[in-house]
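Below is one structure, written out as structure tokens; comments come after it.
The values are calculated or read from the model by the stated rules, or taken from the named source; none is laboratory data. Values in this document were obtained by computation on a predicted structure and should not be read as measured data. No Cβ is skipped: glycine too gets one built from the backbone with ideal geometry, and neighbour counts run over all protein chains shown.
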Amino acid sequence: MSPNGPVKKTAASNIYTVILAIAFGLLLATVIFVACKCYFQYGTLFKIP
Amino acid sequence: MSNLTKVFIVLLTITSIFLCAIVVTYVANADNYKTRYSRIISERDALEQSKESLTSQLNEKNQQKDDLEKSLTGRIASEKAKADELRGKLGELERQNADLVQRTNDFAAVTKAFSETADKQTQTLNAALEEVKQLKAEQIKMGRELEEKSQALMEKTAIIETLETDKRRLTEEKADIQTRLDRLLGAGRGVAAAGLPVTPERGPAIAIPPVDRQVPLKGLVSEVDVRNAMATVSIGSADGVMKGTKFHITRGDEYICELSITDVDTDRAVGVLDLIQQQPRAGDNAVTEL
């Protein structure tokens, strides 16, 4: 309980969630692209050929 | 959601987009190092094989070079020996050449002197031949004069013989007349018979006609001038040819023409062609009597 009364709870703005989702998706796509590129070119993801 | 959180979300998103773009761009444009590595390895293996083959070839070539060097060294030594020998021969030949040049110069000088002597002798011979020609002409002229004088002498001898015969006959007639006169003057003697002179009476001396000493002349046609209808024969005044002598030009049994001599030299004569039956040419016979 705050001195100014009860805190008015509002729903979070979905726009920022969408932005975060887009950033995450973009990051995920980048990782997949890099992984595929490494796998098809070098045959492995983490080892040094 | 606080403003700070919002700002943080936006910045995080922008940064994520930026970094993802960088990563994607880099990865998309990155070289395939495995392929490059494999290619480089294969190239290295090929180069090593090439190096080994080249090394073996080099060794082989070195071996061949050594062999060739040895053989060439031997040949060089032998060629040097031959060169020394040839130098010796060359020196000897140069000395012989110098001797031959000296001898050639000597021979040239001797030949030059001999040529000069031969020229002088040729000139002397030509002068002598000219003198001989003149002497022949003079001899022919003197022979004619001798013939004429001999003929005149024979005429005068005949006249003298005639005169002596007349003188002898007159002496005998005188003796006969004297005898008859003595008989007429003597008494009681008969008239003596008239005697006849022993020497027969001859007529007056008659000049002997000049003997025709013209012997047949025979020569050859040496030149023919068709344009001027003239020809040259190979005999001249030395053989008795005179101006006006007529030659009959024949070729075998054929009568060609007639040649009247107009100019006479000692060894040739030139005349005008006449009565041309065929064209005369050098080598035809020229005779004064057929």
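Taking the residues in region B:28-44 that are in a helix (DSSP H, G or I) and aliphatic (A, V, I, L, M) as candidates, determine which candidate is nearest to the other protein chains (Cβ to nearest Cβ).
The qualifying residue nearest to the other protein chains (Cβ to nearest Cβ) is B:28.
What residue, among those in region B:11-27 that are within 7 Å of another protein chain (Cβ to nearest Cβ) and among the hydrophobic types (A, V, I, L, M, F, W, C), is farthest from residue A:39 (Cα to Cα)?
Filtering first and then ranking leaves B:12.
Could you pull out the residue among B:72, B:4, B:93 that is closer than 30 Å to residue A:25 by Cα and either more than 14 Å from chain A (Cβ to nearest Cβ) or surrounded by fewer than 10 Cβ atoms within 10 Å (Cβ to Cβ) (or both)?
After ruling out the rest, the residue left standing is B:4.
Quick one: residue B:255 ticks every box in (1) at pLDDT below 90; (2) in contact with a Pro (Cβ under 7 Å, 6 or more places away or on another chain) bar one, so which box is it?
(2)
Could you tell me whether residue B:236 is at pLDDT 85 or above and not aliphatic (A, V, I, L, M)?
The answer is yes for residue B:236.
Does residue B:46 meet the test of being surrounded by 10 or more Cβ atoms within 10 Å (Cβ to Cβ), under 60 Å from the mean Cα position of the chain (by Cα) and farther than 30 Å from residue A:30 by Cβ?
no
Is it the case, given these coordinates, that residue B:259 is more than 30 Å from the chain's Cα centre (by Cα), outside any loop (DSSP other than H, G, I, E, B) and at negative phi?
It is true that residue B:259 is more than 30 Å from the chain's Cα centre (by Cα), outside any loop (DSSP other than H, G, I, E, B) and at negative phi.
Give the residues of region A:13-45 that are over 25 Å from residue B:6 (Cα atoms) and within 7 Å of chain B (Cβ to nearest Cβ), sorted by residue number.
Listed by number, the residues that qualify are A:33, A:34, A:37, A:41, A:42.
Which pairs have Cβ atoms under 8 Å, sit 6 or more apart or on different chains, and link a residue in region B:140-169 that is under 27 Å from residue B:237 (Cα atoms) to one that is at pLDDT below 95 and assigned to a helix (DSSP H, G or I)?
Between residues of region B:140-169 that are under 27 Å from residue B:237 (Cα atoms) and residues that are at pLDDT below 95 and assigned to a helix (DSSP H, G or I), the close pairs are B:140/B:237; B:140/B:238.
Can you tell me how many residues in region B:237-250 are under 12 Å from residue B:140 (Cβ atoms) and surrounded by 24 or more Cβ atoms within 10 Å (Cβ to Cβ)?
Residues meeting the conditions: 1.
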